[in-house]
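The block underneath contains the structure these notes are about, expressed in structure tokens.
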Amino acid sequence: MKTYPLAALGTLGIILSACSSEDAGNATNADSLLTADWDAIQDTAQGQEVNMYMWGGSDNINNYLDEWVAPRIKQDYGIELNRVPMNDAQDIINQLLDEKIAGKTEGSMDIIWINGENFKAAKDNDLLWGDFTGQLPNFNDYVDADAPEVSEDFGEPVEGLEAPWGKAQFVLVHDENQHEDPPKSMSELGDWVKQNPGQFTYPAPPDFTGSAFIRQVLYETTGGHEQYQQPAADIGNLEERLEPMWQYLNSIEPYLWREGETYPESLAKQDQLYASGEIAMTMSYDPALAASEVLKGRFPESTRTYVLDEGTLANTHFLSIPFNASDKAGALVAINELMSPAAQTAKLSPENWGDLTALDLEKLSPEQQQAMNEVDLGEATLSIEELEQNRLPELSSDYIDIIEEGWTEYVAKE
Amino acid sequence: MKKQPRFLSLLLIIGLFIFVLVPFVPLVLSSLSFGWRWPDVFPQGWSLRAWEYVVNDVRTWQAVGISLWIALIVTFVNLLLALPAANALVRYPVRGRWLFEAIIFAPIIIPPFISVMGIHLSFLRFGLTETVLGVVLAHIAPTLPYMFRAIMVSYQTLSVDWEDQARMLGAGAMPRFFHVVLPHLLPGILAGASLSVLISLSQYLITFIIGAGQVVTLPILLFPFISGGDPAIASAYSLLYGAIAIMALVGMDAALKRYYQMSRVPQQEKGVKP
Amino acid sequence: MSDLRIIDIEKKYRSAQAKDEASFLLSPVQLTIREGEFFSLLGPSGCGKTTLLKLVAGLLEADGGELWFGNENLSNVPPESRKFAMVFQQSLLFPHKTIEDNVAFGLKMQKVGKKKRLNAARSMLDHVGLSGFGRRFPEELSGGQQQRVALARALVANPRVLLMDEPFSALDPSLREEMRELLSQIQKDFRVTVLFVTHDRDEAFALSDRIAVMGEGQLRQIGSARQLYERPHNTVVASFLGLKNILSGQVTNGRFVSSDKIIDASVHHPLADGDYYMIIRPESIKAAAADQSGHVSIRGIVQEMKYVSGSYNLKVIAETQVLECVLTPFQAEQTAVGESIDLLVDMKEVWFLKE
């Protein structure tokens, strides 16, 4: 019984593998693209179909790709950009890992959208193609390659394996009509929660945003971010250093929503609590998210975002090309186009997405700068300048595990 | 005396109606809502944003087509596999019958994602990932047990006498199958096929891993919105999914009933009804 | 000419290896059924009669022997090609087909045109008294009607032999009577050869030209109803046919003396000396005291009296022997349970079996 499908599989496998071995030569001459002339790359890219694997859970982002980017790339370069919706970037890495083990040379992922842990995993397992960013004219012209947020991804050296696409920054969200003067530092927040018990909480790690909030606490309660730029293993007395952070978190716990007995399990839950007025503040690693929630009618119109006086965490998200991408030339051209000032300006608009640009404003022409500054970010969103001036670098991802485990141990359990 | 059961059945129908339809109400509201905050029973405003996105996206309709196409092939293949298997296990004294049944039913008990992890590497080597064929083959594992079970139960109620009778009237193997066995199994086949279609339509993980983004079914589009916290679009997709599933079931039911009906009344429909 | 000949057909138990008698479901059977004959296989359940029928049908595979129809060897012909028909205990009408489609099924299998086969089906339905029922579905018919349809369906394709496996046993007794008459009539009209399996003696007697009595996988005796009843070959056949008055005893010098000495009479037919069974049919016992020539008188006590449609069945104890007899109501009214009675046995009517 069971042997039927297996036998059928076997025969099919033989047939299919016989077919695919014919055009396996593509992979080797693709490496010459890393040194080729840009015009030659554009010629090769002509007519290619580029699959872009990315998280597909936002209609804004999906529409930006499908309706703004894809038609332009098709028209200008003859490249078919095909967005493939994914549930989680982690899945992309798992998929590539299996393909690497199985020796698949003609992969269908041409562009992938990753950062942080996923980038580190991909880099450690040799899942990425190579140092390609130097080939991109828009990277060379408009990106400050030496800026830490471009040369490192959560502390991991980028080494040209991925090109910056946009930036995100941690912001706090509150309702202007309810609290005119929100707390702008962790010590202010500590006083604020005592005056407003039950009005504040944060998502429980490993929620991405909740985890970021704790890092924010880490920076302010343990003496700044600079000390964490080295790997966690190099710090001998790390536990001791983290102690004030746990103390702080435990000191505010009794004044949190539900007296800190429980935490929202995700940012979506926390946003729900904020939207229904149960708590006064929420937070986001996407500075434009609040504005788009206002546009969708979920958040009150008087919602505003702000950054802490000492600055907030910022990170960059990147586009990369997997080791076995079939249409690498097309991927290069498409990534270059996604980084063009026009595409980045469109991306900045909350109607399209509201994502911060990865380009260095100072490298843009005055007209380009003006176009970017004229984008109406919505009342809820801070200006680009204000965000840029309050940017703190992320710490390397090995800290994140330590912090998340520590939180369960020292805060959640007690 | 007569009123009592009628009243009762009316009550039952209403109850069933509520039971089936009520869960859809929040979905409909959510998909049309603009600003629906927690303590409110109804949304404050209305918006077609979610539906516009879902309906206008070409992928939606491609995904509907591919989902149905896969479900139908899977069901057809299941039928071809389950019929001889059920026949053999019911009719013949098979040594180690429990082992065969255990193998067939294993996918119900073993979480699909464990087996799919193993299948994935093999499929990669065979070049079956990212193909509809690969997804179809992967969908067979969780669906075949239901089809098999339904057909086996039907087979168990089919006495050999019926086939013997047809034989004695001169019917060879094929006519026996089509005139006696198939009509008897039809309700079972219908039940099995319904389950097979529904289960195939609802597969996310298997489709996602084997299809690797290149085989985009409705759940592949739907899931990022559920986890991404856009309830309006997730609701719209869910409703679309529900509608497609119901349409598939009703369509299949009608098609098979029609086949059944046609073989029941092959002549012209006139004449006095007895 | 077109006789059905069964030559040493046998069937063993699946697991049997030894050649001993007990391993046979059906010991080798030799039997010829004549064209147009109504032949019954009669015996208790488990005697192998249905096995034999299914072997003839081809639904069971024989372990040995041959089956011939006229000059045609059917031994290796699959059942669907033997041009036999069969009616089962259940009517087995195809539930999703109309009555006339059911009846026409055999002709459809022979690729007869639609119009032709439906006409044939309708006229066959007329024959079984179901004209006008053609467009209905089986579930709308009563059990008796369904079995009529099954009969019509079996006959419509002019089968060479009609096999019937206790076709009326699931019906009410009153319906059974009606169906027997119908079958009898139809068999004569169509002159079809019938091989009929039953455990009901009266049914077999009422319908059959010849009957084979079976027991324990063997043919015990073949003959007409009267032959079997009046001249049974052994006590097993006799008792299966309802002959209970079986007395063991000895014949010496043309005189039979029963073991319990209640009978001591001269034998009508010349018999060699030895041990015998005397079988007395209940009908050949009269209640009378007067001695008549050729009759033996027995005195006993009435143990039981039953009124059965027009006559009384009595059980009488004489010494240790129970005798069953049939008396007219007039004779029976002369006595009562517990009273003594004088019986006369007509020695011309008794039958002797060598032990």
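The values are calculated or read from the model by the stated rules, or taken from the named source; none is laboratory data. Note that the structure is predicted; figures quoted are calculated from it, not measured. Don't worry about glycine lacking a Cβ; one is built from the backbone with ideal geometry, like all the others, and counts go over all protein chains shown. Side chains included, ligands, DNA and RNA excluded: accessible areas come from the protein's heavy atoms. Shrake-Rupley method; radii C 1.70, N 1.55, O 1.52, S 1.80 Å.
So which residues in the range C:123-151 are within 21 Å of C:Glu181 (Cα to Cα), in contact with a Ser or Thr (Cβ under 7 Å, 6 or more places away or on another chain) and open to solvent by 10 Å² or more (accessible area, probe 1.4 Å), if there are any at all? Selection gives C:Gln146 alone. Which of the residues spanning the range B:113-122 are closer than 18 Å to B:Val215 by Cα and more than 10 Å from chain A (Cβ to nearest Cβ)? Hits for the range B:113-122 are B:Phe113, B:Val116.
Condition check ((1) free of Cβ contacts under 8 Å to residues at least 40 places away in the same chain; (2) assigned to a loop (DSSP other than H, G, I, E, B); (3) open to solvent by 40 Å² or more (accessible area, probe 1.4 Å)) across all residues:
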site	(1), (2), (3)
A:Glu99	no, no, no
A:Thr105	no, yes, yes
A:Asp131	no, yes, yes
A:Gly134	yes, no, yes
A:Asp144	no, yes, yes
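Filtering the range C:221-240 to residues that are under 16 Å from C:Lys49 (Cα atoms) and in contact (Cβ under 8 Å) with a residue 24 or more places away in the chain leaves C:Ile222, C:Val237, C:Phe240.
Among the residues making up the range C:111-149, a single one is in a loop (DSSP other than H, G, I, E, B), over 24 Å from C:Asp172 (Cα atoms) and away from chain B (no Cβ under 12 Å): C:Gly113.
Can you name every residue in the range C:263-287 that is touching a helix residue (DSSP H, G or I) at 6+ places or on another chain (Cβ under 8 Å) and in a loop (DSSP other than H, G, I, E, B)? Break it down into steps so the answer makes sense when it comes.
Step one: of the range C:263-287, the residues touching a helix residue (DSSP H, G or I) at 6+ places or on another chain (Cβ under 8 Å) are C:277, C:279, C:281, C:286-287.
C:Arg281, the sole residue that qualifies.
Hey, does the range C:294-302 have a residue that's surrounded by fewer than 13 Cβ atoms within 10 Å (Cβ to Cβ) and under 19 Å from C:Leu243 (Cα atoms)? No: zero hits. Test A:Asn51 against the stated conditions and say whether it is closer than 28 Å to A:Pro137 by Cα and at pLDDT below 85. No, not satisfied. Answer yes or no as to whether C:Val257 is in contact with a Gly (Cβ under 6 Å, 6 or more places away or on another chain) and either basic (Lys, Arg) or assigned to a strand (DSSP E or B) (or both). So C:Val257 passes the test. Here A:Ser266 fulfils each of the conditions (1) over 26 Å from A:Ser349 (Cα atoms); (2) under 19 Å from the mean Cα position of the chain (by Cα); (3) buried (at least 19 other Cβ atoms within 10 Å of the Cβ) apart from (3). Applying the criterion of at least 1 residues that are within 8 Å of another protein chain (Cβ to nearest Cβ), open to solvent by less than 30 Å² (accessible area, probe 1.4 Å) and not charged (D, E, K, R) to the helices (runs of 4 or more DSSP H) found wholly in the range B:154-263 leaves B:160-168, B:182-202, B:205-211, B:218-228.
Of all the listed residues (A:Gly78, A:Gly57), the sole one being in the same structural domain as A:Glu117 (by TED's automatic domain parsing) and on the phi > 0 side of the Ramachandran plot is A:Gly78.
Within the range A:279-295, the residues that satisfy the criterion of being in a loop (DSSP other than H, G, I, E, B) and open to solvent by less than 40 Å² (accessible area, probe 1.4 Å) are A:Ile279, A:Ala280, A:Tyr285, A:Pro287, A:Ala288.
Within the range B:113-122, the set of residues being crowded, with 20+ Cβ neighbours inside 10 Å and not aliphatic (A, V, I, L, M) comprises just one member, B:His120. If you go through the range A:59-94 and keep only what is open to solvent by 10 Å² or more (accessible area, probe 1.4 Å), facing another protein chain (nearest Cβ under 8 Å) and in contact with a Phe, Trp or Tyr (Cβ under 8 Å, 6 or more places away or on another chain), you end up with A:Asn63, A:Asn87, A:Asp88, A:Asp91. Just so you know, in the range C:56-96 the residues that are more than 9 Å from every other protein chain (Cβ to nearest Cβ), within 18 Å of C:Asp3 (Cα to Cα) and among the charged types (D, E, K, R) include one that is farthest from the chain's Cα centre (by Cα), and it is C:Glu72. In the range A:107-129, the qualifying residues are those that are open to solvent by less than 30 Å² (accessible area, probe 1.4 Å), in contact (Cβ under 8 Å) with a residue 40 or more places away in the chain and assigned to a helix (DSSP H, G or I), and the one that is farthest from B:Phe126 (Cα to Cα) is A:Phe119. Within the range A:252-278, the set of residues being part of a loop (DSSP other than H, G, I, E, B) and away from chain B (no Cβ under 14 Å) comprises A:Leu256, A:Glu261, A:Thr262, A:Tyr263. Among the residues of the range B:128-149, those identified as open to solvent by 20 Å² or more (accessible area, probe 1.4 Å) and either small (Gly, Ala, Ser) or not in a helix (DSSP H, G or I) (or both) are B:Glu130, B:Thr131, B:Ala141.
B:Arg125 satisfies every condition listed in (1) part of a helix (DSSP H, G or I); (2) facing another protein chain (nearest Cβ under 8 Å); (3) open to solvent by less than 50 Å² (accessible area, probe 1.4 Å); (4) at pLDDT below 90 except (3).
Exactly one residue out of A:Thr28, A:Thr11 is within 14 Å of another protein chain (Cβ to nearest Cβ), part of a helix (DSSP H, G or I) and at pLDDT below 65: that is A:Thr11.
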